[in-house]
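Here the structure is laid out as structure tokens; the discussion comes afterwards.
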Amino acid sequence: MNKHKLLRLSVAAGSIAFAFSAIGSYASAQTALQTKAFVCGQSNGVPATIAQTNRGDVSVIRWTSDRFREAGYSEQRRCLEVSARFQQYFLNGKLNYLTTGMMNNQQVICIANSEGGNCTGLLFTLKPGSDPNQVLKSLMAVRVRASGPLNESTSRLYIDMSQYLEQAAVESEPNSQSDNIPVW
């Protein structure tokens, strides 16, 4: 093969690789652009972790349980701390999947890098005796149709956060809550 053919093939292969890389980066950027931030706000008069998206506010968790109040964790404090964790994981590009797991001998809701992956970061601890998969379903699944981001292919539940935020109901008013969204 002569030098010119080899050079043209190398340039063509490099261009194809660059195009696929650019497409992947564009898709990731599109998902990142859809969500602006995670904040602790108010929803129907209770603290709520809210995703601020280009489509509008999406209530992710309403903090109504006072089970941890005696330990110094009011609903407002849990909202602030967990919303900050959502935001940090989001900014670090690690808010891929929500799942369940065990940390420090306690059941938790956590993040995972991939479906089927282990917990890579804590979101919050569950009440003792809770069914982690059921808690995660009640937090997220009601607002997502059967074809949505919910996947229970293993003993653990995984929720694809990009799909969830694309498909979840947007609140009719910023920082408000409709009655059909589950509470925790």
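At a glance:
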{"read-out": "Net charge of Cβ neighbours under 14 Å - reference residue 119; Lys, Arg +1; Asp, Glu -1", "value": "+2"}
{"read-out": "Counted charge near residue 106, where neighbours are those whose Cβ lies closer than 15 Å (Asp, Glu -1; Lys, Arg +1)", "value": "+2"}
{"read-out": "Most to least packed among 47-60, 82-95, 102-115 [average Cβ atoms within 10 Å]", "value": "47-60, 82-95, 102-115"}
{"read-out": "Local net charge near residue 66, Cβ-Cβ under 14 Å (Lys/Arg +1, Asp/Glu -1)", "value": "+4"}
{"read-out": "Average projection area in nm² (convex hull over Cα atoms of region 28-104, one quarter of hull surface)", "value": "6.0 nm²"}
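Each reported figure results from applying straightforward, stated rules to the coordinates on display, with no laboratory input. Only a predicted model underlies this, so the values are computations on that prediction, with no experimental measurement involved. Glycine also receives a Cβ, built like all others from the backbone with ideal geometry; neighbour counts cover every protein chain displayed.
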